[in-house]
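A quick write-up on the structure given underneath.
The values are calculated or read from the model by the stated rules, or taken from the named source; none is laboratory data. Owing to the predicted nature of the structure, the values given are computational and were not obtained by experimental measurement. Neighbour counts run over all protein chains shown; Cβ positions are idealised from the backbone, glycine included.
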Amino acid sequence: MRVPYYSYIIPKKRLFKMRQLLLLCLLILAQTSSAQVSENLVYTYYSANADTGSSLLKTLNEATPIRVDNRQFHGYTTWNVKWNYRWFEQADGRCKITKVTTDLTGNITLPELVGATDEQTAAFDKYVSALRIHELGHYSIGKETATAIDNGILALPEMSSCKELESTANNLGYRTLEEYKEQEKQYDISTAHGKTQGAWLQN
């Protein structure tokens, strides 16, 4: 028994239209915009040896490695935002952002009390809990920064060249960083470096 074999030749006109449709789909995919913010927060701890003859404030002051503008702090947060983007360049040179990837990295430094009594531990736990909340507030500003940069670059309009688009995107990123760094300073002023949030020790 012979198995019948069927073949179908696509007409040239239809084949041309199919190719046009495929190219159009690829063009739409290339111009579809997407954004993404990734986060990585780590904690670093330094040890403070408890002393029954010293206050908790004195113990932490002697132990902390954190010095900023000639001042001691028991907790500290650093964050950094990096952005990358892709664009689609048209035949006439016009350029449009198609994808943005923004990375936020952060580090929160806090104390840990060693060799403490139950009473000292209770006082320390209350204090460091409030201190952590304050430092997370700093990190939250970093998150807001990353989101603002990510959304801002993605929303940039099509420009006459990719060089112009690149310059505009990077300027937006650096300008946004400066704006939010200023907000971070105001955050410390408004909270008195965490005092209004409970991160405060008596002498």
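Would you check which residues across region 46-92 are free of Cβ contacts under 8 Å to residues at least 12 places away in the same chain and assigned to a strand (DSSP E or B) and list them?
Answer for region 46-92, where residues must be free of Cβ contacts under 8 Å to residues at least 12 places away in the same chain and assigned to a strand (DSSP E or B): Arg67, Val68, Arg71, Gln72.
Of the residues that sit in region 58-86 and are of a type in the set (A, V, I, L, M) and at pLDDT 95 or above, which one is surrounded by the most Cβ atoms within 10 Å (Cβ to Cβ)?
Filtering first and then ranking leaves Leu60.
If the requirement is being within 28 Å of Ala50 (Cβ to Cβ) and either in contact (Cβ under 8 Å) with a residue 24 or more places away in the chain or touching a strand residue (DSSP E or B) at 6+ places or on another chain (Cβ under 8 Å) (or both), which of these qualifies: Gly194, Gly152, Gly173?
Of Gly194, Gly152, Gly173, the one residue that is within 28 Å of Ala50 (Cβ to Cβ) and either in contact (Cβ under 8 Å) with a residue 24 or more places away in the chain or touching a strand residue (DSSP E or B) at 6+ places or on another chain (Cβ under 8 Å) (or both) is Gly194.
Would you confirm whether any residue within region 88-95 is touching a strand residue (DSSP E or B) at 6+ places or on another chain (Cβ under 6 Å), over 30 Å from Ser160 (Cβ atoms) and modelled with pLDDT of 95 or more?
Looking through region 88-95, none of the residues is touching a strand residue (DSSP E or B) at 6+ places or on another chain (Cβ under 6 Å), over 30 Å from Ser160 (Cβ atoms) and modelled with pLDDT of 95 or more.
If I ask for residues that are buried (at least 17 other Cβ atoms within 10 Å of the Cβ) and out of contact with any helix residue (DSSP H, G or I) (no Cβ under 7 Å at 6 or more places or on another chain), which ones from region 146-161 would you list?
Correct list: Ala146, Asp150, Leu154.
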